Amino acid sequence: MLAGKSPLEQFDYGDVVLTSDLHEKQLDQTHAVLMGLSDDSLLKPLRQMSGQPAPGEDLGGWYHYSPDYQWGKDDDGFAPSCTFGQWVSALARMYAIRRDQPTRDKVLRLNRLYAQTISGDYYENNRFPTYCYDKIVLGLIDSHRYVGDPDAFSILEHTTNTALPHFPKHAVEHGRDWRPNKDQSWTWDESYTMSENLFLAYQRGAGDRYRELGRQYLDDEYYDPLSEGRDVLAGRHAYSYVNSLSSAMQAYLTLGSEKHLRAATNAFEMLSKQSFATGGWGPDETLRAPGSGDVHASLTGSHSSFETPCGGYAHFKLTRYLLRVTRDSKYGDSMERMMYNTVLGAKPLMADGRTFYYSDYNFHGHKVYRPTQRWACCSGTLPQVAADYRINAYFRDAQGVYVNLYIPSTLRWNQDGAVVALTQKSQYPFDSVVQLEVTSSQTREFTVNVRIPVWATGVSISINGRRERQLATPGSFAAIHRQWRTGDRIELDLPMRLGLEAVDPQHPQTVALVFGPLVLFPITDTQPQLTRADLLAAKRMNNRTWEVKAAGGVVKMKPFTDIEEEQYSTYLRAI
Ligand SMILES: [Zn+2]
(Lines give C-alpha, C1' and ligand atoms only; values in the text may rest on other atoms or scores of the structure.)
Protein backbone atom coordinates (compact mmCIF):
# COMPACT_ATOMS: atom_id res chain seq x y z
CA MET A 1 0.00 0.00 0.00
CA LEU A 2 2.49 2.66 1.15
CA ALA A 3 5.67 0.79 1.97
CA GLY A 4 7.66 2.30 4.79
CA LYS A 5 5.18 5.03 5.65
CA SER A 6 3.46 4.81 9.00
CA PRO A 7 -0.12 6.05 9.23
CA LEU A 8 -0.76 9.74 9.78
CA GLU A 9 -1.46 10.50 13.42
CA GLN A 10 -4.62 12.08 14.76
CA PHE A 11 -4.52 15.17 16.87
CA ASP A 12 -6.14 15.25 20.28
CA TYR A 13 -9.52 16.89 20.75
CA GLY A 14 -7.93 19.73 22.69
CA ASP A 15 -5.39 20.55 19.97
CA VAL A 16 -8.00 22.09 17.69
CA VAL A 17 -10.29 25.04 18.43
CA LEU A 18 -13.12 25.39 15.93
CA THR A 19 -14.51 28.87 15.32
CA SER A 20 -17.22 27.83 12.85
CA ASP A 21 -20.71 28.64 14.18
CA LEU A 22 -22.28 25.85 12.15
CA HIS A 23 -20.06 23.18 13.71
CA GLU A 24 -19.92 24.61 17.20
CA LYS A 25 -23.69 25.03 17.42
CA GLN A 26 -24.11 21.28 16.95
CA LEU A 27 -21.55 20.61 19.67
CA ASP A 28 -23.10 23.10 22.09
CA GLN A 29 -26.63 21.80 21.53
CA THR A 30 -25.76 18.13 21.96
CA HIS A 31 -23.57 18.88 24.97
CA ALA A 32 -26.40 20.83 26.63
CA VAL A 33 -28.90 18.01 26.02
CA LEU A 34 -26.60 15.33 27.45
CA MET A 35 -25.68 17.45 30.47
CA GLY A 36 -29.38 18.06 31.10
CA LEU A 37 -30.25 14.35 31.42
CA SER A 38 -30.39 13.23 35.04
CA ASP A 39 -28.09 10.42 36.17
CA ASP A 40 -31.08 8.38 37.36
CA SER A 41 -32.79 8.70 33.97
CA LEU A 42 -29.62 7.65 32.19
CA LEU A 43 -29.17 4.63 34.48
CA LYS A 44 -32.84 3.67 34.60
CA PRO A 45 -33.04 0.98 31.88
CA LEU A 46 -29.67 -0.48 32.91
CA ARG A 47 -30.93 -0.84 36.48
CA GLN A 48 -34.31 -2.21 35.37
CA MET A 49 -32.78 -4.82 33.08
CA SER A 50 -30.50 -5.87 35.93
CA GLY A 51 -33.46 -6.20 38.31
CA GLN A 52 -32.47 -3.30 40.55
CA PRO A 53 -34.49 -0.38 41.96
CA ALA A 54 -34.62 2.29 39.26
CA PRO A 55 -35.79 5.67 40.53
CA GLY A 56 -36.14 8.79 38.41
CA GLU A 57 -37.88 9.85 35.24
CA ASP A 58 -38.08 7.48 32.29
CA LEU A 59 -36.63 9.07 29.14
CA GLY A 60 -39.04 7.11 26.94
CA GLY A 61 -38.43 6.52 23.24
CA TRP A 62 -35.97 3.82 22.24
CA TYR A 63 -34.20 4.25 25.61
CA HIS A 64 -37.19 3.03 27.63
CA TYR A 65 -37.22 -0.54 28.99
CA SER A 66 -40.39 -2.55 29.05
CA PRO A 67 -40.31 -6.35 29.52
CA ASP A 68 -43.63 -6.45 27.63
CA TYR A 69 -42.37 -4.50 24.61
CA GLN A 70 -43.80 -5.82 21.36
CA TRP A 71 -41.73 -5.25 18.28
CA GLY A 72 -43.82 -3.85 15.40
CA LYS A 73 -46.51 -2.57 17.79
CA ASP A 74 -44.77 -0.39 20.37
CA ASP A 75 -42.88 2.76 19.44
CA ASP A 76 -41.05 3.10 22.74
CA GLY A 77 -38.63 0.50 24.11
CA PHE A 78 -36.89 -0.77 20.99
CA ALA A 79 -33.31 -0.40 22.23
CA PRO A 80 -33.25 0.34 25.97
CA SER A 81 -30.01 1.96 27.17
CA CYS A 82 -28.29 1.41 23.80
CA THR A 83 -26.97 4.97 23.59
CA PHE A 84 -25.62 5.05 27.15
CA GLY A 85 -22.02 4.20 26.23
CA GLN A 86 -21.99 6.59 23.26
CA TRP A 87 -23.20 9.43 25.48
CA VAL A 88 -20.44 8.73 28.00
CA SER A 89 -17.94 8.60 25.13
CA ALA A 90 -19.24 11.89 23.70
CA LEU A 91 -19.12 13.58 27.11
CA ALA A 92 -15.52 12.40 27.58
CA ARG A 93 -14.59 13.85 24.17
CA MET A 94 -16.44 17.05 25.00
CA TYR A 95 -14.47 17.31 28.21
CA ALA A 96 -11.26 16.94 26.19
CA ILE A 97 -12.48 19.90 24.10
CA ARG A 98 -13.87 22.16 26.84
CA ARG A 99 -12.05 21.12 30.00
CA ASP A 100 -15.06 22.01 32.13
CA GLN A 101 -15.44 20.39 35.53
CA PRO A 102 -19.19 19.59 35.37
CA THR A 103 -18.67 17.45 32.24
CA ARG A 104 -15.77 15.59 33.86
CA ASP A 105 -17.75 15.06 37.06
CA LYS A 106 -20.70 13.69 35.12
CA VAL A 107 -18.54 11.14 33.29
CA LEU A 108 -16.90 9.98 36.53
CA ARG A 109 -20.27 9.75 38.28
CA LEU A 110 -21.96 7.87 35.44
CA ASN A 111 -19.16 5.29 35.25
CA ARG A 112 -19.41 4.57 38.97
CA LEU A 113 -23.19 4.34 38.92
CA TYR A 114 -23.01 2.18 35.82
CA ALA A 115 -20.51 -0.19 37.52
CA GLN A 116 -23.19 -0.98 40.15
CA THR A 117 -25.60 -2.16 37.43
CA ILE A 118 -23.31 -4.69 35.71
CA SER A 119 -25.10 -8.03 35.55
CA GLY A 120 -25.65 -10.98 33.27
CA ASP A 121 -29.38 -10.22 33.29
CA TYR A 122 -28.68 -6.96 31.48
CA TYR A 123 -27.38 -8.97 28.52
CA GLU A 124 -30.08 -11.66 28.71
CA ASN A 125 -32.86 -9.06 28.71
CA ASN A 126 -31.22 -7.18 25.86
CA ARG A 127 -32.19 -7.33 22.20
CA PHE A 128 -28.73 -5.91 21.36
CA PRO A 129 -26.24 -7.30 23.88
CA THR A 130 -23.06 -6.92 21.81
CA TYR A 131 -24.20 -3.55 20.41
CA CYS A 132 -24.67 -2.19 23.94
CA TYR A 133 -21.41 -3.73 25.14
CA ASP A 134 -19.52 -2.24 22.15
CA LYS A 135 -20.76 1.25 23.06
CA ILE A 136 -20.02 0.76 26.78
CA VAL A 137 -16.45 -0.31 25.89
CA LEU A 138 -16.04 2.92 23.91
CA GLY A 139 -17.45 5.04 26.74
CA LEU A 140 -15.01 3.48 29.21
CA ILE A 141 -11.88 3.68 27.06
CA ASP A 142 -12.72 7.30 26.17
CA SER A 143 -13.23 8.00 29.89
CA HIS A 144 -9.79 6.53 30.54
CA ARG A 145 -8.13 8.52 27.79
CA TYR A 146 -9.88 11.89 27.85
CA VAL A 147 -11.11 12.19 31.43
CA GLY A 148 -8.37 10.15 33.12
CA ASP A 149 -10.92 8.00 34.96
CA PRO A 150 -8.63 5.80 37.11
CA ASP A 151 -11.30 3.09 37.41
CA ALA A 152 -12.30 2.91 33.75
CA PHE A 153 -10.25 -0.19 32.95
CA SER A 154 -11.32 -2.11 36.07
CA ILE A 155 -14.97 -1.31 35.25
CA LEU A 156 -14.25 -2.49 31.70
CA GLU A 157 -12.82 -5.78 33.03
CA HIS A 158 -15.88 -6.34 35.20
CA THR A 159 -18.11 -5.54 32.21
CA THR A 160 -16.25 -7.90 29.88
CA ASN A 161 -16.15 -10.77 32.38
CA THR A 162 -19.89 -10.41 32.95
CA ALA A 163 -20.88 -9.92 29.31
CA LEU A 164 -18.87 -12.57 27.44
CA PRO A 165 -20.83 -15.65 28.64
CA HIS A 166 -23.93 -14.07 27.05
CA PHE A 167 -22.34 -13.48 23.63
CA PRO A 168 -21.93 -15.63 20.55
CA LYS A 169 -18.38 -16.93 20.22
CA HIS A 170 -17.76 -15.17 16.91
CA ALA A 171 -19.29 -12.48 14.71
CA VAL A 172 -22.87 -13.33 13.72
CA GLU A 173 -24.26 -11.70 10.61
CA HIS A 174 -27.33 -9.46 10.84
CA GLY A 175 -30.56 -11.43 10.73
CA ARG A 176 -29.08 -14.78 11.77
CA ASP A 177 -30.25 -16.72 14.85
CA TRP A 178 -27.70 -17.51 17.52
CA ARG A 179 -29.90 -17.89 20.62
CA PRO A 180 -33.58 -18.46 21.35
CA ASN A 181 -35.27 -15.29 20.10
CA LYS A 182 -38.49 -13.56 21.01
CA ASP A 183 -38.96 -12.21 17.49
CA GLN A 184 -37.00 -11.27 14.35
CA SER A 185 -35.64 -8.08 15.89
CA TRP A 186 -33.62 -10.25 18.30
CA THR A 187 -31.45 -11.31 15.33
CA TRP A 188 -30.32 -7.76 14.59
CA ASP A 189 -27.51 -7.45 17.11
CA GLU A 190 -24.21 -6.18 15.68
CA SER A 191 -21.42 -8.41 16.97
CA TYR A 192 -19.66 -7.87 13.61
CA THR A 193 -18.89 -4.27 14.60
CA MET A 194 -17.22 -4.98 17.97
CA SER A 195 -13.61 -5.53 16.92
CA GLU A 196 -12.77 -1.86 16.35
CA ASN A 197 -13.36 -0.78 19.94
CA LEU A 198 -11.83 -4.00 21.33
CA PHE A 199 -8.64 -3.27 19.37
CA LEU A 200 -8.73 0.33 20.60
CA ALA A 201 -9.07 -0.93 24.19
CA TYR A 202 -5.95 -3.05 23.64
CA GLN A 203 -4.03 -0.12 22.12
CA ARG A 204 -4.93 2.12 25.03
CA GLY A 205 -3.58 -0.36 27.55
CA ALA A 206 -6.66 -2.28 28.74
CA GLY A 207 -4.84 -5.59 28.22
CA ASP A 208 -3.86 -8.21 25.65
CA ARG A 209 -7.18 -10.01 25.97
CA TYR A 210 -8.82 -7.15 24.03
CA ARG A 211 -6.54 -7.72 21.04
CA GLU A 212 -7.53 -11.40 21.08
CA LEU A 213 -11.22 -10.54 21.44
CA GLY A 214 -10.86 -8.09 18.56
CA ARG A 215 -9.44 -10.89 16.44
CA GLN A 216 -12.14 -13.31 17.60
CA TYR A 217 -15.01 -11.10 16.43
CA LEU A 218 -13.65 -10.12 13.00
CA ASP A 219 -16.38 -10.83 10.46
CA ASP A 220 -14.30 -12.61 7.81
CA GLU A 221 -17.44 -13.99 6.19
CA TYR A 222 -17.87 -10.35 5.06
CA TYR A 223 -14.24 -9.23 4.73
CA ASP A 224 -12.88 -12.23 2.77
CA PRO A 225 -14.90 -11.65 -0.43
CA LEU A 226 -14.44 -7.86 -0.12
CA SER A 227 -10.67 -8.34 0.07
CA GLU A 228 -10.87 -10.27 -3.23
CA GLY A 229 -12.84 -7.44 -4.86
CA ARG A 230 -16.19 -9.21 -4.73
CA ASP A 231 -19.05 -6.81 -4.00
CA VAL A 232 -21.06 -8.46 -1.24
CA LEU A 233 -22.59 -5.24 0.08
CA ALA A 234 -26.02 -5.74 -1.50
CA GLY A 235 -28.78 -6.51 0.97
CA ARG A 236 -26.69 -5.83 4.04
CA HIS A 237 -27.80 -3.42 6.77
CA ALA A 238 -26.22 -0.12 5.72
CA TYR A 239 -24.90 1.67 8.80
CA SER A 240 -23.67 -1.37 10.71
CA TYR A 241 -21.85 -2.94 7.77
CA VAL A 242 -20.12 0.33 6.90
CA ASN A 243 -19.31 0.67 10.61
CA SER A 244 -17.88 -2.86 10.51
CA LEU A 245 -15.28 -1.68 7.96
CA SER A 246 -13.64 0.31 10.77
CA SER A 247 -13.07 -3.03 12.50
CA ALA A 248 -11.30 -4.19 9.32
CA MET A 249 -9.15 -1.05 9.43
CA GLN A 250 -8.27 -1.71 13.06
CA ALA A 251 -7.33 -5.29 12.14
CA TYR A 252 -4.83 -3.74 9.73
CA LEU A 253 -3.55 -1.18 12.24
CA THR A 254 -3.40 -3.58 15.20
CA LEU A 255 -2.54 -6.93 13.60
CA GLY A 256 -0.93 -5.70 10.37
CA SER A 257 -3.48 -7.66 8.32
CA GLU A 258 -3.23 -6.53 4.68
CA LYS A 259 -6.31 -8.58 3.82
CA HIS A 260 -8.44 -6.42 6.06
CA LEU A 261 -7.03 -3.22 4.57
CA ARG A 262 -7.88 -4.52 1.10
CA ALA A 263 -11.40 -5.35 2.27
CA ALA A 264 -11.96 -1.80 3.55
CA THR A 265 -10.41 -0.01 0.54
CA ASN A 266 -12.40 -2.16 -1.89
CA ALA A 267 -15.61 -1.68 0.06
CA PHE A 268 -15.14 2.10 0.04
CA GLU A 269 -15.02 2.04 -3.79
CA MET A 270 -18.13 -0.16 -3.94
CA LEU A 271 -19.92 2.15 -1.54
CA SER A 272 -18.93 5.24 -3.55
CA LYS A 273 -20.56 3.77 -6.65
CA GLN A 274 -23.91 3.48 -4.86
CA SER A 275 -23.74 6.78 -2.99
CA PHE A 276 -26.02 9.74 -3.48
CA ALA A 277 -24.46 13.05 -4.58
CA THR A 278 -24.59 14.09 -0.92
CA GLY A 279 -22.21 11.30 0.06
CA GLY A 280 -25.03 9.41 1.82
CA TRP A 281 -25.87 5.77 1.06
CA GLY A 282 -28.15 2.89 1.92
CA PRO A 283 -31.80 3.86 1.25
CA ASP A 284 -34.11 2.08 3.71
CA GLU A 285 -30.95 1.17 5.65
CA THR A 286 -29.94 -1.34 2.99
CA LEU A 287 -26.82 -1.48 0.83
CA ARG A 288 -27.60 -2.06 -2.84
CA ALA A 289 -26.40 -4.12 -5.79
CA PRO A 290 -24.44 -2.28 -8.49
CA GLY A 291 -26.57 -1.65 -11.58
CA SER A 292 -29.79 -2.52 -9.74
CA GLY A 293 -31.39 0.90 -10.20
CA ASP A 294 -32.40 0.71 -6.50
CA VAL A 295 -30.89 4.06 -5.57
CA HIS A 296 -32.84 5.80 -8.35
CA ALA A 297 -36.01 3.94 -7.37
CA SER A 298 -35.66 5.19 -3.80
CA LEU A 299 -36.15 8.79 -4.98
CA THR A 300 -39.84 7.98 -5.45
CA GLY A 301 -40.19 4.88 -3.24
CA SER A 302 -38.71 6.04 0.06
CA HIS A 303 -38.22 8.97 2.41
CA SER A 304 -35.69 6.99 4.48
CA SER A 305 -32.77 7.75 2.21
CA PHE A 306 -29.77 7.89 4.53
CA GLU A 307 -29.45 7.14 8.25
CA THR A 308 -27.61 10.37 8.81
CA PRO A 309 -25.91 10.67 12.23
CA CYS A 310 -25.03 6.96 12.47
CA GLY A 311 -24.06 6.74 8.80
CA GLY A 312 -22.03 9.94 9.04
CA TYR A 313 -20.27 8.66 12.14
CA ALA A 314 -19.35 5.38 10.43
CA HIS A 315 -18.31 7.17 7.24
CA PHE A 316 -16.06 9.66 9.03
CA LYS A 317 -14.33 6.89 10.97
CA LEU A 318 -13.75 4.75 7.87
CA THR A 319 -12.46 7.64 5.74
CA ARG A 320 -10.32 8.91 8.63
CA TYR A 321 -8.62 5.50 8.89
CA LEU A 322 -8.22 5.23 5.12
CA LEU A 323 -6.82 8.73 4.83
CA ARG A 324 -4.34 8.11 7.64
CA VAL A 325 -3.13 4.87 6.09
CA THR A 326 -3.07 5.80 2.39
CA ARG A 327 -2.66 9.61 2.53
CA ASP A 328 -5.03 9.69 -0.46
CA SER A 329 -6.90 13.01 -0.52
CA LYS A 330 -10.01 11.38 -2.02
CA TYR A 331 -10.96 10.25 1.47
CA GLY A 332 -10.82 13.87 2.61
CA ASP A 333 -12.99 14.88 -0.36
CA SER A 334 -15.47 12.23 0.72
CA MET A 335 -15.53 13.44 4.35
CA GLU A 336 -16.14 17.00 3.22
CA ARG A 337 -19.07 16.01 1.03
CA MET A 338 -20.63 13.92 3.78
CA MET A 339 -20.16 16.71 6.30
CA TYR A 340 -21.75 19.63 4.44
CA ASN A 341 -24.54 17.74 2.68
CA THR A 342 -25.73 15.44 5.44
CA VAL A 343 -24.98 15.52 9.15
CA LEU A 344 -24.00 19.17 9.54
CA GLY A 345 -27.53 19.92 8.32
CA ALA A 346 -29.19 17.48 10.74
CA LYS A 347 -31.98 18.91 12.86
CA PRO A 348 -30.70 19.34 16.42
CA LEU A 349 -31.01 16.70 19.12
CA MET A 350 -33.76 17.85 21.49
CA ALA A 351 -34.05 17.46 25.25
CA ASP A 352 -37.31 15.48 24.87
CA GLY A 353 -35.52 12.88 22.72
CA ARG A 354 -36.49 14.14 19.28
CA THR A 355 -33.74 12.83 17.03
CA PHE A 356 -32.92 13.49 13.38
CA TYR A 357 -32.61 10.07 11.77
CA TYR A 358 -33.09 9.91 7.98
CA SER A 359 -32.09 12.43 5.35
CA ASP A 360 -34.86 12.46 2.78
CA TYR A 361 -33.79 12.45 -0.90
CA ASN A 362 -37.30 11.78 -2.21
CA PHE A 363 -38.52 14.14 -4.95
CA HIS A 364 -40.84 15.39 -2.20
CA GLY A 365 -38.34 15.72 0.62
CA HIS A 366 -38.67 17.09 4.15
CA LYS A 367 -36.44 17.38 7.20
CA VAL A 368 -38.43 15.82 10.03
CA TYR A 369 -38.32 14.23 13.46
CA ARG A 370 -40.38 11.06 13.47
CA PRO A 371 -42.32 10.30 16.66
CA THR A 372 -41.15 6.67 16.49
CA GLN A 373 -37.49 7.71 16.70
CA ARG A 374 -37.17 9.47 20.06
CA TRP A 375 -33.76 8.71 21.57
CA ALA A 376 -33.00 6.51 18.56
CA CYS A 377 -29.52 5.16 17.78
CA CYS A 378 -28.77 8.43 15.95
CA SER A 379 -29.07 10.32 19.25
CA GLY A 380 -26.02 8.33 20.32
CA THR A 381 -23.90 9.10 17.28
CA LEU A 382 -24.79 12.78 16.71
CA PRO A 383 -22.93 13.98 19.85
CA GLN A 384 -19.90 11.93 18.78
CA VAL A 385 -20.01 13.36 15.25
CA ALA A 386 -20.24 16.88 16.70
CA ALA A 387 -17.17 16.31 18.87
CA ASP A 388 -15.18 14.69 16.06
CA TYR A 389 -15.20 17.42 13.38
CA ARG A 390 -11.94 18.73 14.84
CA ILE A 391 -10.12 15.40 14.64
CA ASN A 392 -11.25 15.04 11.01
CA ALA A 393 -9.80 18.43 10.11
CA TYR A 394 -6.07 17.93 10.75
CA PHE A 395 -3.50 15.11 10.87
CA ARG A 396 0.25 14.96 11.35
CA ASP A 397 3.40 13.01 10.65
CA ALA A 398 7.02 13.57 11.68
CA GLN A 399 7.52 16.06 8.82
CA GLY A 400 4.59 18.34 9.62
CA VAL A 401 0.81 18.65 9.38
CA TYR A 402 -2.04 17.86 6.99
CA VAL A 403 -4.92 20.30 6.59
CA ASN A 404 -7.78 18.04 5.53
CA LEU A 405 -10.93 20.09 6.13
CA TYR A 406 -11.35 23.81 5.61
CA ILE A 407 -13.16 24.89 8.76
CA PRO A 408 -12.42 28.16 10.58
CA SER A 409 -10.19 26.93 13.41
CA THR A 410 -6.83 27.03 15.15
CA LEU A 411 -4.55 24.00 15.43
CA ARG A 412 -1.77 24.02 18.04
CA TRP A 413 1.07 21.50 18.18
CA ASN A 414 4.68 21.01 19.13
CA GLN A 415 7.06 20.87 16.18
CA ASP A 416 10.56 19.86 17.22
CA GLY A 417 10.30 21.79 20.47
CA ALA A 418 8.56 24.86 19.04
CA VAL A 419 4.94 25.69 19.88
CA VAL A 420 3.25 26.25 16.53
CA ALA A 421 -0.27 27.45 15.75
CA LEU A 422 -1.99 27.36 12.39
CA THR A 423 -5.12 29.51 12.11
CA GLN A 424 -7.66 29.04 9.30
CA LYS A 425 -9.98 31.83 8.27
CA SER A 426 -12.57 31.45 5.53
CA GLN A 427 -16.20 31.39 4.55
CA TYR A 428 -15.51 28.11 2.76
CA PRO A 429 -17.39 26.44 1.09
CA PHE A 430 -19.44 29.59 0.52
CA ASP A 431 -16.26 31.34 -0.60
CA SER A 432 -13.33 29.67 -2.36
CA VAL A 433 -10.51 31.45 -0.52
CA VAL A 434 -8.94 29.95 2.62
CA GLN A 435 -6.35 31.89 4.64
CA LEU A 436 -3.90 30.03 6.86
CA GLU A 437 -1.62 31.91 9.20
CA VAL A 438 1.32 30.54 11.20
CA THR A 439 2.57 31.60 14.59
CA SER A 440 5.58 29.81 16.04
CA SER A 441 7.60 30.26 19.21
CA GLN A 442 10.74 29.61 17.12
CA THR A 443 11.48 29.28 13.42
CA ARG A 444 11.02 25.66 12.33
CA GLU A 445 11.32 23.75 9.09
CA PHE A 446 8.31 21.53 8.39
CA THR A 447 5.67 20.71 5.79
CA VAL A 448 2.10 21.98 5.65
CA ASN A 449 0.10 19.66 3.38
CA VAL A 450 -3.17 21.15 2.13
CA ARG A 451 -5.91 19.12 0.45
CA ILE A 452 -6.68 20.14 -3.13
CA PRO A 453 -10.14 18.68 -3.84
CA VAL A 454 -10.47 16.68 -7.03
CA TRP A 455 -13.25 19.00 -8.31
CA ALA A 456 -11.14 22.17 -8.03
CA THR A 457 -9.82 23.75 -11.21
CA GLY A 458 -7.66 26.84 -11.52
CA VAL A 459 -6.39 26.39 -7.96
CA SER A 460 -3.86 28.85 -6.66
CA ILE A 461 -1.62 28.74 -3.62
CA SER A 462 0.18 31.87 -2.45
CA ILE A 463 2.75 32.02 0.31
CA ASN A 464 3.25 35.45 1.84
CA GLY A 465 1.65 36.92 -1.28
CA ARG A 466 3.79 35.04 -3.81
CA ARG A 467 1.99 32.60 -6.04
CA GLU A 468 3.28 28.99 -6.12
CA ARG A 469 1.64 27.65 -9.23
CA GLN A 470 3.31 24.25 -9.56
CA LEU A 471 2.00 22.96 -6.21
CA ALA A 472 -1.68 22.67 -6.93
CA THR A 473 -2.77 19.34 -8.41
CA PRO A 474 -6.45 18.57 -7.83
CA GLY A 475 -6.97 15.25 -6.08
CA SER A 476 -3.84 15.44 -3.96
CA PHE A 477 -2.30 17.06 -0.93
CA ALA A 478 -0.06 19.97 -1.91
CA ALA A 479 3.09 19.84 0.23
CA ILE A 480 4.42 23.24 1.26
CA HIS A 481 7.83 22.73 2.80
CA ARG A 482 9.81 25.66 4.17
CA GLN A 483 11.16 27.45 7.22
CA TRP A 484 8.05 28.74 8.98
CA ARG A 485 8.01 31.75 11.26
CA THR A 486 5.32 33.85 12.90
CA GLY A 487 3.29 35.86 10.40
CA ASP A 488 3.78 33.46 7.48
CA ARG A 489 0.59 33.18 5.46
CA ILE A 490 -0.79 30.67 2.99
CA GLU A 491 -3.65 31.77 0.77
CA LEU A 492 -5.48 28.99 -0.97
CA ASP A 493 -8.04 29.58 -3.71
CA LEU A 494 -10.17 26.55 -4.60
CA PRO A 495 -12.53 27.85 -7.30
CA MET A 496 -15.89 26.06 -7.35
CA ARG A 497 -17.97 25.41 -10.43
CA LEU A 498 -21.48 24.19 -11.01
CA GLY A 499 -21.77 20.60 -12.18
CA LEU A 500 -24.39 17.87 -12.56
CA GLU A 501 -24.19 14.39 -11.06
CA ALA A 502 -26.51 11.62 -12.21
CA VAL A 503 -28.08 9.40 -9.56
CA ASP A 504 -26.74 6.34 -11.39
CA PRO A 505 -25.42 5.50 -14.90
CA GLN A 506 -28.82 4.13 -16.04
CA HIS A 507 -30.55 7.45 -15.26
CA PRO A 508 -28.26 10.15 -16.68
CA GLN A 509 -31.09 12.71 -16.74
CA THR A 510 -31.86 12.41 -13.02
CA VAL A 511 -29.29 14.83 -11.69
CA ALA A 512 -28.18 16.75 -8.64
CA LEU A 513 -26.68 20.20 -9.05
CA VAL A 514 -23.36 20.52 -7.24
CA PHE A 515 -21.14 23.49 -6.52
CA GLY A 516 -17.69 22.43 -5.33
CA PRO A 517 -18.39 20.13 -2.35
CA LEU A 518 -21.99 21.35 -1.95
CA VAL A 519 -25.16 19.83 -3.32
CA LEU A 520 -27.65 22.60 -4.13
CA PHE A 521 -31.15 21.42 -3.21
CA PRO A 522 -34.08 22.79 -5.25
CA ILE A 523 -36.69 24.22 -2.89
CA THR A 524 -39.79 23.08 -4.70
CA ASP A 525 -42.96 21.05 -4.24
CA THR A 526 -43.35 20.26 -7.95
CA GLN A 527 -40.96 18.90 -10.52
CA PRO A 528 -39.96 22.00 -12.51
CA GLN A 529 -39.38 21.81 -16.27
CA LEU A 530 -35.65 22.30 -16.55
CA THR A 531 -32.88 21.42 -18.95
CA ARG A 532 -29.33 20.58 -18.00
CA ALA A 533 -28.29 23.94 -19.45
CA ASP A 534 -30.87 25.72 -17.25
CA LEU A 535 -29.42 24.08 -14.16
CA LEU A 536 -25.84 24.83 -15.12
CA ALA A 537 -26.86 28.48 -15.60
CA ALA A 538 -27.98 28.74 -11.94
CA LYS A 539 -27.34 32.23 -10.70
CA ARG A 540 -25.89 32.92 -7.30
CA MET A 541 -28.11 35.43 -5.51
CA ASN A 542 -26.13 35.63 -2.28
CA ASN A 543 -23.67 33.57 -0.28
CA ARG A 544 -26.11 30.74 0.31
CA THR A 545 -28.84 30.97 -2.32
CA TRP A 546 -28.90 30.19 -6.01
CA GLU A 547 -31.75 30.55 -8.51
CA VAL A 548 -32.61 28.64 -11.65
CA LYS A 549 -35.01 29.91 -14.31
CA ALA A 550 -37.54 27.20 -15.15
CA ALA A 551 -40.48 27.23 -17.59
CA GLY A 552 -42.95 27.82 -14.75
CA GLY A 553 -40.90 30.38 -12.79
CA VAL A 554 -37.82 30.67 -10.67
CA VAL A 555 -36.58 27.76 -8.52
CA LYS A 556 -34.53 28.61 -5.46
CA MET A 557 -31.58 26.31 -4.58
CA LYS A 558 -30.00 26.01 -1.13
CA PRO A 559 -27.37 23.93 0.64
CA PHE A 560 -28.64 21.27 3.08
CA THR A 561 -27.49 23.22 6.14
CA ASP A 562 -29.86 26.06 5.21
CA ILE A 563 -33.03 24.01 4.72
CA GLU A 564 -35.57 24.12 7.53
CA GLU A 565 -39.26 23.30 7.10
CA GLU A 566 -39.57 23.84 3.36
CA GLN A 567 -40.17 20.97 0.93
CA TYR A 568 -37.17 20.24 -1.25
CA SER A 569 -35.87 17.79 -3.76
CA THR A 570 -32.31 16.47 -4.06
CA TYR A 571 -32.48 15.35 -7.69
CA LEU A 572 -34.32 16.79 -10.66
CA ARG A 573 -35.30 15.11 -13.90
CA ALA A 574 -33.68 17.31 -16.52
CA ILE A 575 -35.58 17.37 -19.81
ZN1 LIG B 1 -28.91 5.71 13.82
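Of all residues in the stretch 240-277, how many are in a loop (DSSP other than H, G, I, E, B) and in contact with a Lys or Arg (Cβ under 7 Å, 6 or more places away or on another chain)? Summing the residues that are in a loop (DSSP other than H, G, I, E, B) and in contact with a Lys or Arg (Cβ under 7 Å, 6 or more places away or on another chain) in the stretch 240-277 gives 1. The conditions of being in a loop (DSSP other than H, G, I, E, B) and in contact (Cβ under 8 Å) with a residue 24 or more places away in the chain are not met by SER66.
Among the candidates SER292, SER298, SER304, single out the residue that is farther than 28 Å from ARG544 by Cα, more than 14 Å from the chain's Cα centre (by Cα), of a type outside the set (A, V, I, L, M, F, W, C) and surrounded by fewer than 24 Cβ atoms within 10 Å (Cβ to Cβ). Exactly one residue qualifies, and that residue is SER292. Note on the stretch 470-517: residues that are acidic (Asp, Glu) and touching a helix residue (DSSP H, G or I) at 6+ places or on another chain (Cβ under 8 Å) total 1. Residues in the stretch 54-68 that are modelled with pLDDT of 95 or more and either more than 28 Å from the chain's Cα centre (by Cα) or within 16 Å of LYS182 (Cα to Cα) (or both): ALA54, PRO55, GLY56, GLU57, ASP58, TYR65, SER66.
Do we find a residue being among the polar types (S, T, N, Q), more than 18 Å from THR410 (Cα to Cα) and in contact (Cβ under 8 Å) with a residue 40 or more places away in the chain anywhere in the stretch 447-459? Yes: the stretch 447-459 contains one or more residues that are among the polar types (S, T, N, Q), more than 18 Å from THR410 (Cα to Cα) and in contact (Cβ under 8 Å) with a residue 40 or more places away in the chain. Looking only at the stretch 410-463, how many residues end up being out of contact with any strand residue (DSSP E or B) (no Cβ under 9 Å at 6 or more places or on another chain) and surrounded by fewer than 19 Cβ atoms within 10 Å (Cβ to Cβ)? Adding up the residues that qualify gives 2.
For ASN243, the criteria (1) touching a helix residue (DSSP H, G or I) at 6+ places or on another chain (Cβ under 6 Å); (2) more than 16 Å from the ligand (Cβ to nearest atom); (3) among the polar types (S, T, N, Q) hold in every case but one, which is (2). For beta carbons closer than 8 Å, sequence separation of 6+ or different chains, a first residue in the stretch 236-247 that is under 18 Å from VAL325 (Cα atoms) and hydroxyl-bearing (Ser, Thr, Tyr) and a second that is in a helix (DSSP H, G or I) and within 12 Å of the ligand (Cβ to nearest atom), the qualifying pairs are SER246/ALA314.
Against the condition farther than 23 Å from ALA351 by Cα and outside any helix (DSSP H, G or I), how does GLY56 come out, does it pass? Criteria not met by GLY56.
The values are calculated or read from the model by the stated rules, or taken from the named source; none is laboratory data. Because the structure is predicted, anything quoted here is derived from the model rather than measured. All Cβ positions, even for glycine, are placed from backbone atoms using ideal geometry, and neighbour counts span all protein chains on display.
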